[in-house]
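Have a look at the structure below, then the notes.
The values are calculated or read from the model by the stated rules, or taken from the named source; none is laboratory data. Just so you know, these numbers come straight off a predicted model, no measurement behind them. So basically every Cβ, Gly included, is an ideal-geometry build from the backbone, and we count neighbours across all protein chains shown.
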Number of protein chains: 2
Amino acid sequence: MALGKDYATQECSIARALEIVGERWTLLVVRDALYGVRRYNDFLVHLGIPRAVLAARLQLLTTEGILEKRRYQESPPRDEYVVTDRGIALWPTLRSLGLWGREHFSETQLRAFRHAACGTELGPYGECPACGTVVPLPDVEMVPGPGLDPDPTNPVSRALLKPKRMLEPIETVPV
Amino acid sequence: MALGKDYATQECSIARALEIVGERWTLLVVRDALYGVRRYNDFLVHLGIPRAVLAARLQLLTTEGILEKRRYQESPPRDEYVVTDRGIALWPTLRSLGLWGREHFSETQLRAFRHAACGTELGPYGECPACGTVVPLPDVEMVPGPGLDPDPTNPVSRALLKPKRMLEPIETVPV
DNA sequence: ATCCTAGGTTCGTTCACTGAACCAAGATGT
DNA sequence: ACATCTTGGTTCAGTGAACGAACCTAGGAT
């Protein structure tokens, strides 16, 4: 976290983690990356984040090894940001944070996460109650919940209305 | 998060959660509260946080039902901030965030968490590998790890050097 | 009468976030 | 040939939050 002083005096790995992902917007960028968002403009329209801040966050997440900048076409040269294993490792944190937000501050469920192999909704720790194992993120399927706006204006939210695997790139359909 | 605009456009319980606990310092205050820190001055010296910011965070966490302001003596009137169930519910999030920070950005283990009943170190989801159950926070014992400064200057860090139960108030010994 | 403690508030400075404008390289349309 | 569009940014003035030092208050203690 970069507001003048950091948390350096904190002898604590939570503080270390927050130095990296504790700034405003950062965790939402990672969340979107786990959802399959990869491109600058998709982050931009989905998050409603100022362009300069997005550029700074993508830069920082890349240098910290949470995202990886990767050329996906040569002409014109275009890069996408793909989440790395280090970013995927943030999934339990984001999952439990979202669970907390839903249980304490939300009325309806916005998204559900299921074990793609058997369709069972995940338990609080990301485990499949039916299979009894913790489901790796590529095997998690995200499905829209009842509280989600059925007709969002931006194409990224529309792409995220369809059930999809986590990490799989989103398919934005131009109008 | 209160920087002009909020995350209101985000239809996501992660964003809701971050509106509450996503501001700078907030999660560290909650962490300290779970560790057993309860008093204004103890938060102050342990976190090195500006006084005004601490007052604002304690206020917000209280109105959001994460901490509870409670009079602990009448003369002179003194209040302490005790973490509520809603705050305790943030433990899985903080635990996984700390685990991520340690695994990816830290060399040594700073603190270990054990099942007080059997002494077994907790697994990644806060479960006791020996007992096979998720350990409720009052039954978790925090013990200092090898990476911790053995002779910190402030009394709160000194109090946290001793193994102790989570949530139990810290015992600061005046010099 | 003075000092100390706990828990704040006030205030000027600094710094990050915001939003709008601008920029650039390559593709595409006419 | 020229303008326009798309993608992925940078620049910049204005604003609001964080910082840290100083100050304040109520009640004990010396």
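Can you name every residue in segment B:125-134 that is away from every other protein chain (no Cβ under 13 Å) and touching a Cys at 6+ places or on another chain (Cβ under 9 Å)? Passing the criteria: B:Cys128, B:Ala130, B:Cys131. For the condition touching a residue at least 60 places away in the same chain (Cβ under 8 Å), among the charged types (D, E, K, R) and away from DNA strand C (no atom under 11 Å from the Cβ), what is the one hit in B:Arg16, B:Arg31? Being touching a residue at least 60 places away in the same chain (Cβ under 8 Å), among the charged types (D, E, K, R) and away from DNA strand C (no atom under 11 Å from the Cβ) holds for just one of B:Arg16, B:Arg31, which is B:Arg31.
Please go through segment A:23-44 and give me each residue that is surrounded by fewer than 21 Cβ atoms within 10 Å (Cβ to Cβ), within 13 Å of chain B (Cβ to nearest Cβ) and within 12 Å of DNA strand D (Cβ to nearest atom), ordered by number. Within segment A:23-44, A:Glu23, A:Arg24, A:Leu44 qualify. From the list B:Arg31, B:Arg86, B:Arg16, the one residue that fits, being basic (Lys, Arg) and either assigned to a loop (DSSP other than H, G, I, E, B) or more than 30 Å from B:Ala112 (Cβ to Cβ) (or both), is B:Arg16.
Inspect all residues belonging to segment B:41-57 and state whether any of them is of a type in the set (A, V, I, L, M), closer than 18 Å to B:Leu148 by Cα and within 13 Å of the chain's Cα centre (by Cα). For segment B:41-57, residues of a type in the set (A, V, I, L, M), closer than 18 Å to B:Leu148 by Cα and within 13 Å of the chain's Cα centre (by Cα): present. The condition of being within 16 Å of DNA strand C (Cβ to nearest atom) and either in a loop (DSSP other than H, G, I, E, B) or of a type in the set (S, T, N, Q) (or both) does not hold for B:Ser96.
The single condition from (1) at negative phi; (2) away from DNA strand D (no atom under 16 Å from the Cβ) that A:Gly65 fails is (1).
Once segment A:135-144 is narrowed to residues that are more than 11 Å from every other protein chain (Cβ to nearest Cβ) and out of contact with any Cys (no Cβ under 7 Å at 6 or more places or on another chain), the residue that is farthest from A:Lys162 (Cα to Cα) is A:Pro136.
The residue pairs whose first member lies in segment B:98-124 and is within 10 Å of chain A (Cβ to nearest Cβ), whose second member is surrounded by 14 or more Cβ atoms within 10 Å (Cβ to Cβ) and assigned to a strand (DSSP E or B), and whose beta carbons are closer than 6 Å, counting only pairs six or more residues apart or on different chains, are B:Arg111/B:Met142. For segment B:125-142, a residue qualifies if it is touching a residue at least 12 places away in the same chain (Cβ under 8 Å) and among the β-branched types (Val, Ile, Thr), and the qualifying residues are B:Val135, B:Val140. Within segment A:69-88, being surrounded by fewer than 17 Cβ atoms within 10 Å (Cβ to Cβ) and farther than 20 Å from A:Pro136 by Cα holds for A:Lys69, A:Arg70, A:Arg71, A:Tyr72, A:Gln73, A:Glu74, A:Ser75, A:Pro76, A:Pro77, A:Arg78, A:Asp79.
Being assigned by TED's automatic domain parsing to the domain that holds B:Tyr35, at pLDDT 95 or above and under 24 Å from B:Val45 (Cβ atoms) is true of B:Leu61. If you go through segment B:45-81 and keep only what is away from every other protein chain (no Cβ under 14 Å), in contact with a strand residue (DSSP E or B) (Cβ under 7 Å, 6 or more places away or on another chain) and either part of a helix (DSSP H, G or I) or within 12 Å of DNA strand C (Cβ to nearest atom) (or both), you end up with B:Leu58, B:Thr62, B:Lys69, B:Arg70, B:Arg71, B:Tyr72, B:Pro77, B:Arg78, B:Asp79, B:Glu80, B:Tyr81.
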